[in-house]
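All remarks here apply to the structure that follows.
The values are calculated or read from the model by the stated rules, or taken from the named source; none is laboratory data. Treat the numbers as computed from the prediction; the structure is a model and nothing was measured. For neighbour counting, all protein chains shown are included, and Cβ atoms are generated from backbone atoms with ideal geometry for every residue, glycine included. Heads up: the accessible areas ignore ligands, DNA and RNA and are worked out on the full protein's heavy atoms, side chains in. Shrake-Rupley method; radii C 1.70, N 1.55, O 1.52, S 1.80 Å.
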Amino acid sequence: MKRSLGYARDWSATRVQWGAPVGKHAAIADKIARIAANAFAAEAMVMLTAALVDRDQADIRLEPR
């Protein structure tokens, strides 16, 4: 996901449409922001899951309360 975000950011900075980089247009900027938010959320979920797995006495099949 991070690599895809990097490609999208690079492309939006170099591709010019109507006299401005497409990344400056609201629709594209919103899409890139959503990609970034989803990548951040996915990474946070992976890190939380990895931290739960690393606990020695935790049962990862159940959410801690």
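Please list, ordered by first then second residue, the pairs with beta carbon atoms under 9 Å, 6 or more apart or interchain, first in segment 1-21 and assigned to a strand (DSSP E or B), second of a type outside the set (A, V, I, L, M) and loosely packed, with under 13 Cβ neighbours inside 10 Å.
Cβ pairs passing all conditions: P21/T14; P21/R15.
May I ask you to list pairs of residues, at least six apart or on different chains, whose Cβ atoms are under 7 Å apart, with the first in segment 32-44 being touching a residue at least 12 places away in the same chain (Cβ under 8 Å) and under 19 Å from A13 (Cα atoms) and the second being in a helix (DSSP H, G or I) and open to solvent by less than 50 Å² (accessible area, probe 1.4 Å)?
Listed pairs, sorted by first residue: I32/A8; I32/S12; I32/G23; I35/L5; I35/A8; A36/L5.
Here are some conditions: (1) modelled with pLDDT of 90 or more; (2) more than 20 Å from the chain's Cα centre (by Cα). P64 meets all but one. Which one does it not meet?
Of everything listed in (1) modelled with pLDDT of 90 or more; (2) more than 20 Å from the chain's Cα centre (by Cα), P64 misses just condition (1).
I need a count of the residues in segment 39-55 that are touching a helix residue (DSSP H, G or I) at 6+ places or on another chain (Cβ under 9 Å) and exposed (fewer than 13 other Cβ atoms within 10 Å of the Cβ).
Number of matching residues: 1.
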